[in-house]
Amino acid sequence: MVFPNRPQGDPVGQDAADDVLPLPGPEGASITVCPDGPLLVRGDVEIVGTDGEPVERRRQTVALCRCGRTSIAPYCDGSHKVRGPRRR
């Protein structure tokens, strides 16, 4: 990853303000990581499938599967709950 405000070879840390790059996108859009669960995507964000085509979206907030067990991919169907929490 290239950070335009940091000299080449300079270490990149998560606490450095220069490491945060503004991303183009709609105002108010957000992605929330749920512990041992899905990604909650809120706002007017286009979701694109592995084939490069947009995925139909019927709600402003959707849950994207991270465990791979869902039967309604890419959306979460709650299958992660059967598995139980991940060991860290």
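The values are calculated or read from the model by the stated rules, or taken from the named source; none is laboratory data. None of the values given here were measured: they were computed from a predicted structure. Heads up, the Cβs are rebuilt from the backbone with ideal geometry, glycines too, and the neighbour counts pull from every protein chain shown.
Would you point out the residue of segment 54-80, among those that are among the aliphatic types (A, V, I, L, M) and part of a loop (DSSP other than H, G, I, E, B), that is nearest to Arg42 (Cα to Cα)?
From segment 54-80, those among the aliphatic types (A, V, I, L, M) are 55, 62-64, 72-73; that's our starting set.
Still in the running and part of a loop (DSSP other than H, G, I, E, B): 55, 73.
Details: Val55: 15, Ala73: 17 Å.
Only one residue tops the list, namely Val55.
Here's the yes/no breakdown for (1) farther than 22 Å from Lys81 by Cβ; (2) surrounded by 10 or more Cβ atoms within 10 Å (Cβ to Cβ); (3) out of contact with any Gly (no Cβ under 7 Å at 6 or more places or on another chain); (4) at pLDDT below 55:
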| position | (1), (2), (3), (4) |
| --- | --- |
| Arg6 | yes, yes, yes, yes |
| Gly9 | yes, no, yes, yes |
| Gly13 | yes, no, yes, yes |
| Pro22 | yes, no, yes, no |
| Glu27 | yes, no, yes, no |
| Leu40 | no, yes, yes, no |
| Thr50 | yes, no, yes, no |
| Val62 | no, yes, yes, no |
| Arg66 | no, yes, yes, no |
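I need a count of the residues in segment 39-82 that are under 22 Å from Ala29 (Cβ atoms), among the aliphatic types (A, V, I, L, M) and in contact (Cβ under 8 Å) with a residue 12 or more places away in the chain.
Counting residues in segment 39-82 that are under 22 Å from Ala29 (Cβ atoms), among the aliphatic types (A, V, I, L, M) and in contact (Cβ under 8 Å) with a residue 12 or more places away in the chain gives 9.
Which of the numbered conditions does Asp36 fail, given that it passes all the others? Conditions: (1) modelled with pLDDT of 95 or more; (2) in contact with a Pro (Cβ under 6 Å, 6 or more places away or on another chain); (3) of a type in the set (Asp, Glu).
Tallying (1) modelled with pLDDT of 95 or more; (2) in contact with a Pro (Cβ under 6 Å, 6 or more places away or on another chain); (3) of a type in the set (Asp, Glu), Asp36 fails exactly one: (1).
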